[in-house]
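Report on the following structure.
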Amino acid sequence: MKKNNSKIFRFFLLSIILIFISSQSFSQNKGEFSILSGYQMLGSVQVYNYNYYGNQNVDGDLDINDAAYFSAAIGINTSRETMAELQYIFQPTNVTFSPYNSFQSTTFGADVHYILATGYYIKQFSRTGSGYAGLSIGAAGLVPQNNLDPAWRFAFGLTLGLKFLLSKNIGIKIQSQGLFPIQWAGGTLYAGTGGAGYGISAGTSIVQINVGGGLYYAF
């Protein structure tokens, strides 16, 4: 009986040591590089439009059409429970202006860009799995593919996600983000010729939401 107890004790001791070594190998990562993709939705703002079919100050909605997005990020662990990250998001899409009167809507191609610095709180719930939440600040850009000039604005974001290590260095992420470009002082997308443009009222915020996932490499 004592011999069996001794074997059981040694077995549990060896198991604890192996778990400790494994957890240390997974926790010694200094940072991670992520590649994500998914679907980005919403992005409507009330605007007034100059020289739309020969008229001025035509009110309407400027809507960023829902489309796929692509993202890359690099993060550095600042502690066991916090991370600092720099993220770039790219959404190729179309933008539609819909006036409130009887005029027909117009659509043009545009790219949406976000460059965000994020601070994360990470909660480990298993040896290889964790949840995270983050607050971002940075810049958002709407870059039309026609002769309208691009517009860049201050933006902030909120992120919630889960990540799981599949090996010592490779893992998967599933996350959702709320993105909020802010028009603190108003702004206008001006055409290069003819004086046309879209004016956005001061203080207006634009809301976008994305859901996606991808792979990350821990280093």
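Table for the structure above
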read-out	value
Members of segment 104-154 that are surrounded by 14 or more Cβ atoms within 10 Å (Cβ to Cβ) and of a type in the set (S, T, N, Q)	106, 118, 124, 128, 130, 136
Residue selected from segment 72-87 under the condition surrounded by fewer than 17 Cβ atoms within 10 Å (Cβ to Cβ) and in contact with a Phe, Trp or Tyr (Cβ under 7 Å, 6 or more places away or on another chain), by the criterion nearest to residue 41 (Cα to Cα)	72
Selection count where residues are loosely packed, with under 14 Cβ neighbours inside 10 Å and either hydroxyl-bearing (Ser, Thr, Tyr) or under 20 Å from residue 40 (Cβ atoms) (or both), scope segment 155-171	2
Segment 149-168, residues that are modelled with pLDDT of 85 or more, of a type in the set (A, V, I, L, M) and part of a strand (DSSP E or B)	155, 158, 160, 162, 165
For residue 90: the one exception among (1) modelled with pLDDT of 90 or more; (2) hydrophobic (A, V, I, L, M, F, W, C); (3) part of a helix (DSSP H, G or I)	(3)
Hey, residue 96 in contact with a helix residue (DSSP H, G or I) (Cβ under 7 Å, 6 or more places away or on another chain) and either surrounded by 15 or more Cβ atoms within 10 Å (Cβ to Cβ) or free of Cβ contacts under 8 Å to residues at least 24 places away in the same chain (or both) or not	no
Where residue 46 falls short, out of the listed (1) surrounded by 14 or more Cβ atoms within 10 Å (Cβ to Cβ); (2) modelled with pLDDT under 95; (3) part of a strand (DSSP E or B)	(1)
Filtered residues of segment 61-87 (kept if of a type in the set (Val, Ile, Thr) and not in a strand (DSSP E or B))	78
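The values are calculated or read from the model by the stated rules, or taken from the named source; none is laboratory data. The model shown is predicted, which means the values in this text are computed figures rather than measured ones. Please note: Cβ atoms are built from the backbone with ideal geometry, for glycine as well, and neighbour counts cover all protein chains shown.
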